[in-house]
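What follows draws every value from the coordinates through simple rules; no lab data is involved. Since we're looking at a predicted model, the values are computed, not measured. Quick reminder, even Gly has a Cβ in these numbers, built from the backbone with ideal geometry, and neighbours come from all protein chains shown.
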Amino acid sequence: MGSRTYAQREWKLLSWWLATYHANADEILMNVRVGPTSIPTIAGMPAAVPATARLVNRWADAIFLENGVITIVEAKIDPDPGIFSQLIHYARLFRMDPTMAQYAATPLSLVAVVYNNDASVAQEAPWYGVTWVVYQPVMNDFVPPQLKGTFTDSVGSMLPQDWPARINLLTGNRLALGG
């Protein structure tokens with residue numbers, strides 16, 4: 001039961017952020033399945049099988065189109081470094097998804113919306129081409145924002161210099177690196 005309450009808080013956070021900052025987006029999709037679906041070919045297969053096969057695909061929290069840019073969003077109350085790999089994974093699946101083929105040439109942006117900031121995780125966002133957004137609206141059922149961080153916050157990132165080239169291939173955007 002606890003995880004459901006936590007998920008509902010993430011959905012509320014995401015919904016409020018979208019309504020506040022992207023209310024005029026051309027299209028907003030929430031809880032979106034992304035990726036190609038491999039469907040086994042079996043003689044006499046019921047017509048509903050292709051639709052149910054997409055159940056195994058990953059779910060992005062939100063995808064929206066605004067000003068000619070597709071944005072994939074992952075929302076977290078308490079972020080961890082896995083948020084970057086999730087977004088990169090969703091970007092790769094999005095580019096391979098035949099249902100999103102009309103957006104193949106559209107620039108892609110990755111956004112992490114978090115409630116509790118973790119500076120040690122936030123400092124890595126530029127390396128992954130992710131826009132880090134700390135959004136802390138006043139919500140009655142939310143605990144107050146908490147500051148997190150460790151000694152590594154002041155050390156800096158030790159990622160290899162050529163790492164952004166891989167992300168750039170997916171998004172088509174140059175990454176703004178630096179601190």
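Fully extended, how many nm does the chain gain between residue 27 and residue 8 (0.36 nm per residue separation, minus their Cα-Cα distance)?
4.6 nm
So how far apart, in nm, are the two label points at residue 104 and residue 119 if each is 7 Å from Cα heading toward Cβ?
Rounded to a tenth, the inter-label distance reads 4.6 nm.
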